[in-house]
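Here the structure is laid out as structure tokens; the discussion comes afterwards.
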Amino acid sequence: MHILADGSHLLNLGRVDYLIFIVYFAFVLGIGAVIKRFIKTGDDFLLSGRSVPAWIAGLAFISANLGAQEMIGMSASGAQYGILTTHFYWLGAIPAMVFLGVFMIPFYYGSKARSVPEYLKLRFDEKTRGFNAFSFAFMTIMSSGISMYALSALLQILLGWNFNISLVVSALIVLIYTFLGGLTAAIYNEVLQFFLIVLGFLPLALLGLKDIGGWSGLMERLNGLSLANHYQPQTLTTLYRHLGSPHDNPMGVDWFSLVFGLGFVLSFGYWCTDFLVVQRAMAANSMGAARRTPLIAAFPKMLFPFIIILPGMIAAGLSYHAAHAAAADPSAYHLPMKNGEFDYNMTLPTLLGHYFPTGMLGIGLTALMASFMSGMAGNVTAFNSVWTYDIYEAYIRPGQSEQHYLQVGRAATIFGILASICAAYVANQFNNIMNLLQMVFGFVNAPLFATFVLGMFWRRSTGHGAFTGLVFGTLAAVAHYGLTLPLGEHPGVKGGWLLFGHAPLHVYDSGMAQSFVTAAWAFSVSFVVTLIVSLLTQRTKTDEELRGLVYALTPRIKEHETRFLARPAVLGAIVLGITLVLSIMFW
Amino acid sequence: MALDLRFPLGLMFVILGAIVTAVGIFKPQESLGIDINLWWGLVLLAFGAVMLLLAIFGKGGTRIKTGVVLENPEHLHPPH
């Protein structure tokens, strides 16, 4: 992100906007302070004492995912790629969330594991757990640091606030409420944030639609924009019609890398194994509530494109019109420019500034800040649990009292925040947040999903198999990234670091296509290696030990006493059905 | 004692809604011919009020009681 040279900034706030910030942060900190009174043990602090009702866990589940990359990144992608961005939701999230709720939560929740790495310990062995615990701890700190960096950089551009002060103040706020209230405070605040985002950004989409002349006005402008960029007219307004070749669409992907790479590997790898989100379901107050958590979350996730991506598409449509209108209207909205190209990352903030007067502007900016900060808090609370249960209790000091682990959990919060601040300054070196995050996801989650699928549904898979598969899957991701490049890029952060001057094995049309295929390789190698090594090694866990951890050895959950509409399979079918209808409508 | 999330949620939106509505009334500003502060402020206010009413008069089942597992809807149904 850039800083305006003359120290000026994009938005001007009124006193009322500051008042709104103060009200919000007073509630955030107040919730932490009130919840502190209910926290007695390490499990209270790190797992909310497994007492969260389904609707709160569900909204926190979706909110924990609404971090830095989501609000800014997805509206930017909406402006750049149009409706194709919706693939990250309807294809790249909903099916995996339904799978998690219907098929995987019974093992996570039923095993009484307190974290994803701990499930791996119960199902496989110590080294598999350790591998996941350390890589996850690293990833959460990086993600949290990236959120902090992005928020501070944004506040500097938008409001002219000092980068270092914004960073320290936002870190301090997150530190105070997670230190006091642990996971429960983070979950409560995630629900506040969810409603702030929905109610803060919905009017933006509505005003934008009014401005551009309704849905038909939007379609007309985007078709014009598609043609202007040498694509078929409907490229930016349809989901699947222009995926035959990566050259046919601005994402630079074809249907195979999209469906297999994003829709299967990246999506299932993230939603089904990432402890950041799974932790919210583990904190639920019953098996039924835990299974409904991702399914309840899927409903808002399915509708988010209308408040996050749609404003981006409107911004692109309005900018195209402004550039081609006979008499340019200086007061009309247009995307800001940077180095002669559209600065897509500024899509959402500039829309806020354009449509919202002081008052609603305060609400919109509060929602934006809230999304960054809960992105941080989500990562920090997940880090706390993994650090305390899977690193400290496992390797450093096992067998201590509940009180001791509560202290350790609290101390981990401080350490996690400090490490995140360091990571924020590291993130300052990288320009493309989205790419960096996806690179990390591709390395960590994609091979892990193969481990889980085989672990949960094939009792013959062994600890040696899982561990070797994870290592080779991760190496495959590193190797694929190191041997290929996106079009027009040089070896470095974008890949190609193993080339040593040789030509890349393959040049992808975009960094996105490269990440999708990297993930696909990581998953496939991990799957095959786990399979082969498992067959070559002895099982170390008996059927009795695997009860509740593996599909075939776990008694089916009886559903006939649950209300029909509360049954996970029924909820899942409804969500999938609506998503399918939406996908066909915009096919 | 437990903290019903709907209470702080409702209270916060009532306060924020009142602030934004007040701006809309006393300093009307139109974007695209709509005083968005006034109208959306009322929406925020109404949402907050509904949450507060639910927190005060609504049925339980949404309360977090830390450390105690209560209100398991699956177990509320009488056995057949």
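Residue by residue along B:38-48, Cβ atoms of other protein chains within 10 Å of the local Cβ number 3 on average. Each residue of segment A:542-553 was assigned a 3J(HN,Hα) from its phi angle through the Karplus curve 6.51 cos²θ - 1.76 cosθ + 1.60 (θ = phi - 60°); the sequence is 7, 4, 4, 5, 8, 4, x, 10, 10, 3, 5, 9 Hz, with glycine and proline shown as x.
Give me the dipole magnitude in Debye, nearest 20, for the protein assembly as shown about the Cα centre, with unit charges on the beta carbon: positive for Lys and Arg, negative for Asp and Glu. Don't skip to the answer; put the middle values down first.
Working: 36 positive and 32 negative charges, 340 e Å.
That gives the protein assembly as shown a dipole magnitude of about 1640 debye.
For segment A:1-146, what is the per residue volume of the convex hull drawn over the alpha-carbon atoms, in cubic angstrom?
Details: hull volume 28.6 nm³, N = 146.
About 196 Å³ per residue, rounded to a whole number.
Kindly rank A:92-98, A:186-192 from highest to lowest mean number of other beta carbons found within 10 Å of each residue. Don't skip to the end; give the middle numbers.
Values: A:92-98: 24.7, A:186-192: 27.1.
Packing proxy ranking, top to bottom: A:186-192, A:92-98.
Restricting segment A:440-502 to trypsin sites (Lys or Arg not before Pro) that sit in a DSSP loop and have at most 12 other Cβ atoms within 10 Å of their own Cβ leaves A:Arg460.
In segment A:505-536, whose amide N lies under 18 Å from the spot 7 Å out along Cα-to-Cβ of A:Leu553? List them in ranges. Residues A:531, A:534-536 fall inside that zone. What the phi angles of segment A:71-82 give under the Karplus curve with 6.51, -1.76 and 1.60, with θ = phi - 60°, is a coupling list of 5, 6, x, 6, 6, 4, 5, x, 5, 7, 10, x Hz, glycine and proline written as x. If you take all other residues with their beta carbon under 11 Å from the beta carbon of A:Gly378, and give Lys and Arg +1 and Asp and Glu -1, the sum is -1.
Each of A:Ala315, A:Ala96, A:Gly67 was scored by the projection of its Cα onto the charge dipole of chain A, and the greatest displacement toward the positive side belongs to A:Ala96; charges sit on the C-beta of Lys, Arg, Asp and Glu.
The local environment of A:Phe136, defined by Cβ-Cβ distances under 9 Å, has a net charge of -2 under the rule Lys, Arg +1 and Asp, Glu -1. Reported to the nearest whole Å, the Cα centre-to-centre distance from segment A:463-478 to segment A:48-126 is 23.
Panel note: the C-alpha atoms of segment A:134-185, placed on their principal axes, show extents of 35, 26, 14 Å (largest first). Note on segment A:357-417 and segment A:192-228: Cα centroid distance 34 Å, given to the nearest whole angstrom. 3J(HN,Hα) along segment A:226-236, derived from phi through the Karplus expression 6.51 cos²θ - 1.76 cosθ + 1.60 where θ = phi - 60°, amounts to 4, 4, 4, 8, 6, 10, 4, x, 9, 4, 8 Hz, with x in place of Gly and Pro.
Taking the charge dipole of chain A about its Cα centre, with +1 at Lys and Arg Cβ atoms and -1 at Asp and Glu Cβ atoms, the residue from A:Pro349, A:Ile212, A:Gly263 reaching farthest to the positive side is A:Gly263. Near A:Ala284, the amide H atoms lying under 5 Å from its own belong to A:Val52; only residues 5 or more places off or on other chains count, and H is placed 1.01 Å from N. Counted residue by residue at 0.36 nm each, then reduced by the alpha carbon distance between them, the extension gain from A:Trp587 to A:Leu19 reaches 200.0 nm. Taken along its principal axes, the alpha carbon cloud of segment A:517-587 reaches lengths of 48, 41, 11 Å, longest axis first. What number do you get for chain A when its Cα radius of gyration is normalised by 2.2 N^0.38 Å, N = residues? Normalised by 2.2 N^0.38 Å, the Cα Rg of chain A equals 0.94.
The calculated pair-distance distribution of segment A:523-563 uses every alpha carbon pair, bins of 5 angstrom beginning at 0, and gives 5, 18, 14, 16, 20, 11, 5, 7, 4, 0 percent. Loop-located trypsin sites (Lys or Arg not before Pro) across segment A:204-266 with a Cβ neighbour count of 14 or fewer within 10 Å are A:Arg241, with loop assigned by DSSP.
Where a number appears in this text, it was derived from the coordinates with a stated rule and is not lab data. Every value quoted in this text rests on a predicted model; they were computed, and no experiment measured them. FYI the Cβ positions are ideal-geometry reconstructions off the backbone, even for glycines, and counts take in every protein chain you see.
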